[in-house]
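Engineer: Below you'll find the structure I mean.
The values are calculated or read from the model by the stated rules, or taken from the named source; none is laboratory data. As the structure is a prediction and not an experimental result, all values here were calculated from the model. Cβ: placed from backbone, ideal geometry, glycine included. Neighbour counts: every protein chain shown. For the accessible areas, the whole protein counts, side chains as well, though only heavy atoms, and no ligand, DNA or RNA atoms are used. Shrake-Rupley method; radii C 1.70, N 1.55, O 1.52, S 1.80 Å.
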Amino acid sequence: MHDHLVSYLRSALSNAADGSYTFQLLSDEEIAAIDREVESDLSLQPWIDANNLNVRECARFGERSLFLRGLLEPSDEATDDGIRLRASDALQLVADVRRLCDAHLMARSAHGGVRTGRYLTVQSRAGAFEESVDAEGMHVFTACTHGVAVERLAEWALPIVSHAGVPVNGRIPVERWNTWVINELGVSARQVEVLLFLPDATGAIGAESWLVAHANGIGVIAFPDGGQQLRISAITRERLSELILDRVAGALPLEP
């Protein structure tokens, strides 16, 4: 089912010296047009949300933008309302990249009143597609090797962490996480939720949620620890990358 995505990844990465190749840029409005028929709690539209805009109206403008950019094309099928549009190959690639995968990883943050995020859709046979969403609602799509994709996700989650700081080991109730972060790292600490949607031994997709926070070059991570408890420890960017890659490799037969 994913053969065309695997082929695209292999082709795009064949001459990518750093293991990544950026191939598309879309706006919140254009993403809204793509997602018009599909509502998802995982979808981020920071610019639309920040300006309290109507998503359906934005989708109409997004459709116009996609048409003017040649990403939507007139079809041979006419309707009473005029010309029907169809997705170009380039736009269909983006639509498939966002929904067809063997596993889905994402990191998202609401910091300073702005929501941003980074998504990975993993193709176990070739690499992963990254969708990076900034505060202005720009969605940048990049083909990556497995290792580079996870490294970039970890760097986004912990961009300035250079050391683990004072050793941290403890357990707290889930509801105390925000208070704990403020008390230990300060009110300016940036918090990130890392979500992993990975298959189990039966192929069923399960969800894991890790909580990450950082400030002043110090990072911490919290894992669910039974019931309503969190297990907290210090974390570096390199260690976070290792944890994610180990978890993905344990769930999927990754191929280069």
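Engineer: Relative contact order of the range 14-151: what whole-number percent is it, with Cα pairs under 8 angstrom and at least 6 residues apart?
Structural biologist: Relative contact order here is 28 percent.
Engineer: Note down the nm distance, to one decimal, between modelled labels 7 Å out along Cα→Cβ at Arg69 and at Met138.
Structural biologist: Here the modelled spin labels are 1.1 nm apart.
Engineer: For the full complex of protein chains and a 1.4 angstrom probe, list Cys101, Cys58 by accessible area with the highest value first.
Structural biologist: The most accessible residue leads, giving Cys101, Cys58.
Engineer: Related question: Rg to Rh for the range 1-159: what is it, with Cα atoms only and Rh by Kirkwood?
Structural biologist: That ratio equals 0.98.
Engineer: Leaving ligands, DNA and RNA out of it, report the carbon-plus-sulfur percent of the accessible area of the chain at a 1.4 Å probe.
Structural biologist: Solvent-exposed carbon and sulfur of the chain make up 50 percent of the total.
Engineer: Hey, another quick one. Under a 1.4 Å probe, what is the accessible area of the chain per residue, stated in Å²?
Structural biologist: Solvent-accessible surface per residue comes out at 52 Å².
Engineer: Met106: accessible area at probe 1.4 Å, nearest 10 Å²?
Structural biologist: Looks like 0 Å² after rounding.
Engineer: So, one more: Alpha carbon centre of the range 191-256 versus the range 114-188: separation in Å?
Structural biologist: Cα centroid of the range 191-256 versus Cα centroid of the range 114-188: 10 Å apart.
Engineer: If I take R0 = 22 Å and measure r between the Cβ atoms of Asp49 and Leu195 in this structure, what FRET efficiency does the formula 1/(1 + (r/R0)^6) give, to the nearest 0.05?
Structural biologist: Between Asp49 and Leu195 the formula returns 0.75.
Engineer: Another question, if that's okay. Given a Förster distance of 45 Å, report the FRET efficiency between Ser233 and Gln92 from their Cβ-Cβ distance, rounded to the nearest 0.05.
Structural biologist: After rounding to 0.05, the efficiency reads 0.55.
Engineer: Could you check the simple spin-label distance between Ser209 and Ala17, using points 7 Å along Cα→Cβ, in nm with one decimal?
Structural biologist: Here the modelled spin labels are 4.3 nm apart.
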